[in-house]
Amino acid sequence: IQKRVEGLRKNIRELEDENAHLKERQLTAPKDAIVSDTVSSIQATIDENVKRVEANRDAIKAAKGEIAEALKTSGIELGTDQVDLLLDSVLSGDLVRLVAAFEAARLIDGQLAKLISTTGDNMNSARKYFAMHAALFAMLVRAQDATITKIDTQYMPKLDAILGDIKAAKAKTSNLLKAENRPDQKRALEANRESQRVAEDAAQAYRRYLQGQREQIARARVKAVHDLRIADNTYETVEASVQLRNLMRDSSASFEAIQKLEAPSFEHIFKNDELRREFENLTRRLDAPSS
């Protein structure tokens, strides 16, 4: 579903770029012609593209609804603005995959607990199943590590670089405003300063979001690592299947930790079209391959 949403967003960007090009052609197009495009024929194409953009946006909204419903089924209820933040951010794929991994591990672990119950005191079976239980925790800790590493080494450095560029642009604008400017030049510079303010607000909010997600994942990781150590230790020294059942029941709380991940609600981002567009632009820049 996420790949479908990204495809729809790509369609929207291409249609909007095409409309910008068509509007340029419209400036020099004749009002009447037989073999070339006219002002009215170009406008008709623009209008059709606008309809297609709206259709793509409706499809994105429907896809987000599907993901929200799937998360709800897994016990994770998010508000509309939280779903938007989750799916419009650069972490969208990482977080949804992490939640899916924990949900799958929880279900598998439940099956292992039942298998241990049915095998009674057969230590060979218990040892085998508990090894699988430990392996699940190892997988989940690895998934958490991978997400934290991506935030630290990929997204945060790129975002800091973007904030540095904005700061430099603001300084240049301030210096230019100190000079003698015509009224139109002053208006242009003031418009630039406002655009820079919007971009900086969005980037700072994005940074808080990424940092908040990192802290939540790190807290969940502490619990998962502790349970992994206990699972490894018990695997090596297991004496009775009843001990395994008790430990597995207690450690099930770890699977709930990831489901408590909440997307911070930056309502001012998603209720302001200008800030939202800037947020989406930042997502594309953060997700771009490093040169």
As a Kirkwood estimate from alpha-carbon pairs, segment 126-246 has a hydrodynamic radius in angstrom of 18.5
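At 1.4 Å probe size, put MET132, MET156 in order of accessible surface, largest to smallest.
Details: MET132 85, MET156 15 Å².
These residues rank, largest area first, as MET132, MET156.
Any of LYS51/LYS172; LYS61/LYS150; LYS150/LYS223; LYS72/LYS114; LYS128/LYS223 with alpha carbons more than 31 Å apart? Name them for me. Display every interim value, and only then the final one.
Details: LYS51/LYS172 40 Å; LYS61/LYS150 28 Å; LYS150/LYS223 20 Å; LYS72/LYS114 26 Å; LYS128/LYS223 23 Å.
LYS51/LYS172, as the Cα separations exceed 31 Å there.
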Measure off 7 Å from each Cα along the Cα-to-Cβ vector at GLN2 and LYS128, then give the distance between these two points in nanometres to one decimal. 3.5
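For segment 8-81, compute the orientation-averaged projected area of the C-alpha convex hull (one quarter of its surface), in nm². Spell out each step's value before the answer.
Working: hull surface 23.9 nm².
Reported value for the Cα convex hull: 6.0 nm².
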Taking 7 Å along the Cα-to-C-beta vector as the label spot, tell me the ARG285-ASP17 distance in nanometres, rounded to one decimal. 1.8
If each residue of separation counts as 0.36 nm, what is the full-extension length gain between LYS61 and GLU190 once their alpha-carbon separation is subtracted? 42.9 nm
Calculate log10 I(q)/I(0) of segment 131-178 for q = 0.14, 0.18, 0.29 Å⁻¹, where I(q) comes from the Debye formula with a single equal point scatterer on each Cα and nothing for solvent. -0.55, -0.67, -0.93
Stretch GLU215-LEU27 to full length: gain in nm at 0.36 nm per residue minus the Cα-Cα span? 62.5 nm
Let's test this: bin the Cα-Cα distances of segment 27-119 at 10 Å from zero up to the farthest pair and state each bin's percent. 13, 26, 18, 15, 13, 8, 4, 3, 1
Extension gain THR38-ASP152, at 0.36 nm per residue separation less the Cα-Cα distance, in nm? 35.8 nm
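The values are calculated or read from the model by the stated rules, or taken from the named source; none is laboratory data. Note that the structure is a prediction, hence the values are computed from the model and not measured. Using ideal geometry, Cβ is built from the backbone for each residue, glycine included, and neighbour counts are taken over all protein chains shown. We work out accessible area using only protein heavy atoms, side chains counted, and drop any ligands, DNA or RNA first. Shrake-Rupley method; radii C 1.70, N 1.55, O 1.52, S 1.80 Å.
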